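Here is the structure we will look at, set down as structure tokens.
Each reported figure results from applying straightforward, stated rules to the coordinates on display, with no laboratory input. None of the values given here were measured: they were computed from a predicted structure. Here the Cβ is made from the backbone with ideal geometry for all residues, glycine too, and neighbour counts use every protein chain on show.
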Amino acid sequence: MGKYALPVIAIALFIAFFQLSSFTLFDVDEAVFAQASKEMVQSGNWITPTYDGAKRFDKPIMIYWLMAGSYKAFGINEFAARFPSAVAACLLALAVFLFEGLSREKSRLSGLFVRREKRAFYAALSLMLSLFYLAYSHAAVTDMTLTLFITLSLLCFYLYSSREKKAYIYGFYLFAALAFLTKGLIGIIFPVGIAFVYLLLTRGFGQAVKKLLSIPAILLFLAVSAPWYVACYMANGNEFIQNFFIKQHFDRYLHVISGHTGPVYYYIPVLLLGLFPWIAFLPQGVRNALRERKDSPGLLALIWLVSVVVFFSFAKTKLPDYVLPAVPAAALLIASGMSTALGRSGRVSNWFIALVSLALAAGFFAARGYLFKAGIEADWAYWLSGIMVLMALVAMDGGIRGKNRTGILALLMIGFLSAVSLRAVPAASRYLQGGLYDFSIYAKKNLRPGGVLIEYKINNPSIVFYSGHMVDGIDGAKELASAVSGSRQAMIITKAGDAGDVLALGGPSQKIRLLETRGDYRLFQKD
């Protein structure tokens, strides 16, 4: 595997760290995690996370510890906030590479011997050169870290199951514990559930229970994960149970939270776009997994992929990042499909890539005009459209000739992801966050002690992060009037549609004036 390890490391580092700090934190999730970690550093409270001074039980402690440690090393900034996700992404690429490489010496499919090194490289490549990887390696959220720990847990499980070395069961439970500390119960449900189903299908119920029921390993799990949960409960009591377990787990699964919903097939287009163009080889990979021997890594990857997608497909709250833990499994199956994509299968995959590339090219080309009218810099859309046209041509050639064009497709994806990082994401950041960032910096410099900073009918944690002030979130006109009249200086940030409520407070005694308009946002000040 030596000759492929260096390219994997190089590509992972490039995609994960390129332009990492070139744009401001996005609302809501990135900014709220960054601010909560900032408050942890400032307060020295390493048990109970807070946001804007209030307790925050949305996620377990791991992401806050990682980001707070990064702040200690690099200072409080965008790079430090995203650094844990970028590192996790690099480690994830290596984990997928090793998963495929260590799990097999060689496999016989369609009469061909497939070298493990090349197949491992394909697995890592399809992961790294995807929109999923770019997006979540550059996001100060929990998802890339969670995906890494689940992947490492299942890698240890497969090595334990296939090599009969008991030491690996400790790795399985150790990384499951870290996943539990990263995003709660799914850190247990996915590794243990996937492993159990795999053993059930390959060895039967009795052996499944026997192999997973390791008392020393379970004690290791508890030793790693339980201390924070116990400490947080001791510090916060039933408030922690209600908000963390009931609201953020069961309510989020059974009810729609914050309007994030979708149909049962929501994750099919998400996976299609997030793993394009490599998703074209997934059907062949699934067929290979069903044809391999029962104890193959392909079967484990298939169970893994289906379990995560089905589980979240029936959740009432849906977000694209929920399905990220399934992406390494998809990459393993895609690698199998890419390795055997010959004849009719290869032609079908290439023509699929060609057709979708042409559709995306047309979409990017058309989008430029709409984005320009909305005030978004969008020359980059032409670049993306051009790259998609080239990808379509390369895939067509592969479809006609029946040849593998993986290398050229990979180079085009590097160009595509680079263009997204260089131009598209910073443009989106300026459009969505630019005004809020400028207002926040103004408040940081000009809000005097005793003054109040108010978010009126908006929820933008980036204001708290960049302003350095606690923010009063107000949703009613009467509450707004009370807050403004009770302060000597006030700054109010709101959307254009709600600016009238602020202006209605004006008068000789209030002296409220509109300071600046940026896009859909307005900044008012009372002196």
Quiz prompt | Euclidean distance of C-alpha centroids, segment 195-218 and segment 357-427, integer Å | solution = 46
Practice problem: Arrange the following residues from fewest to most other Cβ atoms within 10 Å of their Cβ: Phe79, Phe312, Phe465. | Solution: Phe79, Phe312, Phe465
Quiz item: Any idea what angle helix 186-203 forms with the longest principal axis of the chain, computed on alpha-carbon atoms, 0 to 90 degrees, nearest 10?
Solution: 10
Quiz prompt | Relative contact order, percent, the chain [alpha-carbon distance under 8 Å, six or more residues apart] | solution = 15
Self-check item: Cα long-axis angle, helix 343-373 against the chain (0 to 90 degrees, to the nearest 10)
Solution: 10
Quiz prompt | Amide hydrogen neighbours beyond the local backbone of Glu516, cut-off 5 Å, H modeled | solution = Leu523
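Let me know the whole percent of all Cα-Cα pairs from segment 138-294 that are separated by more than 20 Å.
For segment 138-294, the fraction of Cα-Cα distances above 20 Å is 63 percent.
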Quiz prompt | Extension reserve of the Arg513-Val209 stretch, reckoned as 0.36 nm per residue once the Cα distance is removed | solution = 102.6 nm
Practice problem: Determine by what factor the alpha-carbon radius of gyration of the chain differs from 2.2 N^0.38 Å, reporting the quotient. | Solution: 1.05
Exercise. Within the chain, what's the longest run with no GluC sites (Glu not before Pro) in a DSSP loop and at most 11 other beta-carbon atoms within 10 Å? Give the range, please.
Key: 165-527
Quiz item: Out of Ser357, Leu159, Leu453, whose Cα points farthest toward the positive end of the dipole of the chain (charges: +1 Lys, Arg; -1 Asp, Glu; placed on Cβ)?
Solution: Leu159
Quiz item: aspartates and glutamates within cross-link reach of Lys373: Cα-Cα under 20 Å, excluding same-chain residues under 8 positions apart?
Solution: Asp520
Self-check item: Entries of Lys38/Lys444; Lys3/Lys118; Lys165/Lys210; Lys183/Lys294 with Cα pairs more than 20 Å apart
Solution: Lys183/Lys294
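What does the convex hull of the alpha-carbon atoms of segment 341-433 project to on average, in nm²?
The orientation-averaged projected area of the Cα hull of segment 341-433 comes to 5.8 nm².
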Quiz item: Once amide H atoms are placed 1.01 Å from N in the peptide plane, what residues at a sequence separation of 5 or more from Val452, or on another chain, have their amide H within under 5 Å of its amide H?
Solution: Gln489, Ala490, Met491
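For Tyr233 and Ser258, what does the FRET efficiency come to when R0 = 22 Å and r is the distance between their Cβ atoms, rounded to the nearest 0.05?
Result of the calculation: an efficiency of 0.25.
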Quiz item: What is the extension gain from Ile189 to Ser162, computed as 0.36 nm multiplied by their sequence separation minus the C-alpha to C-alpha distance, in nm to one decimal?
Solution: 7.6 nm
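What Kirkwood Rh does segment 447-526 have if only Cα atoms enter the pairwise 1/r average? Answer in Å. Can you show the working numbers first?
Details: mean 1/r = 0.0800 Å⁻¹.
Evaluated over segment 447-526, this radius sits at 12.5 Å.
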Quiz item: What order do you get for Ile150, Ile353 when you list them from fewest to most C-beta neighbours inside 10 Å?
Solution: Ile353, Ile150
Exercise. Could you tell me what % of all Cα pairs in segment 203-359 have separations over 21 Å?
Key: 63
Practice problem: Treating the angle as unsigned and between 0 and 90°, give the value, to the nearest 10°, between the Cα long axis of helix 29-43 and the longest Cα principal axis of the chain. | Solution: 70
Exercise. Would you order Lys478, Lys403 from fewest to most other beta-carbon atoms within 10 Å of each residue's own beta-carbon?
Key: Lys478, Lys403
